[in-house]
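Structure first, then comments.
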Amino acid sequence: METQTALPERILVTKAQAGNEEAFTELVRRHSGQIYGLSLNMLRNREDAEDNVQNVLVKAFHNINRFEGNSQFSTWLVRITINEALMKLRKRNSEKISDYHDASGSEDEPRTFPEIEDTRQDPEREYMSKELARKAFRGLNPSLQDTFILQKAEGWTNRELVEALGITVSTVEYRVFRARVRLRQQLLALTQSEQIDLQS
């Protein structure tokens, strides 16, 4: 391992792609802190962040031959980290939506749809609202969905989104705006559809 620590990263990557586990272990040593920090920043939970790091490293190990060297190895790892974390967030928020009416209202637990919340509904209407919210949200483009979740549900700042997703502030603002507009359009269309079904 001592000989590996002095090697340039591109050499380590080449050796790892040839099946050298010590080279891959050194790459992990160099980048695991960054992967964990980004995972924790996105998931806001140490246990989930640690799970995400493991998922990222397994995926990187099995797919390292796909790394073509067109960018920094760390950039490639960051992209895998973000994708894995976003999948966890989608699953987490899907679960939040499915039991939205059971939310405790604690400030520590971010709400998935702060703008769609209704007050004191009867069970039937509450179930319908939950179903409509789920359908509307799933109708969003994935890039809009991811940005909207991270900002509105997870509390990310524009700066954090810019750094994590590699986009500009104006793109962040545009995506959040478009997501909000699309959600309203989807909810309106779904509500009208539900009303037609009920009348027929």
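Quick note: the coordinates plus some simple rules give every number you see, no bench work behind them. All of these numbers come straight from a predicted model, not from anything done at the bench. Don't worry about glycine lacking a Cβ; one is built from the backbone with ideal geometry, like all the others, and counts go over all protein chains shown.
With a Förster radius of 30 Å applied to the beta-carbon distance between residue 18 and residue 83, the computed FRET efficiency rounds to 0.75.
Residue separation of residue 51 and residue 74 scaled by 0.36 nm, minus their Cα-Cα distance, works out to 6.4 nm of gained length. For segment 16-74, the relative contact order works out to 31 percent when only alpha carbon pairs closer than 8 Å and six or more residues apart are counted.
Restricting the calculation to alpha carbons of segment 27-79 gives Rg and Dmax of 11.0, 33 angstrom. Between residue 6 and residue 178, the FRET efficiency from the beta-carbon distance, with R0 = 35 Å, is close to 0.10. Can you tell me which lysines have their Cα less than 30 Å from the Cα of residue 135? Leave out same-chain residues fewer than eight positions away. Within the straight-line limit of under 30 Å, residue 135 reaches these lysines: 88, 91, 96, 152.
Full extension of the chain between residue 159 and residue 29 yields a length gain of 44.1 nm, computed as 0.36 nm times the residue separation minus the alpha carbon distance.
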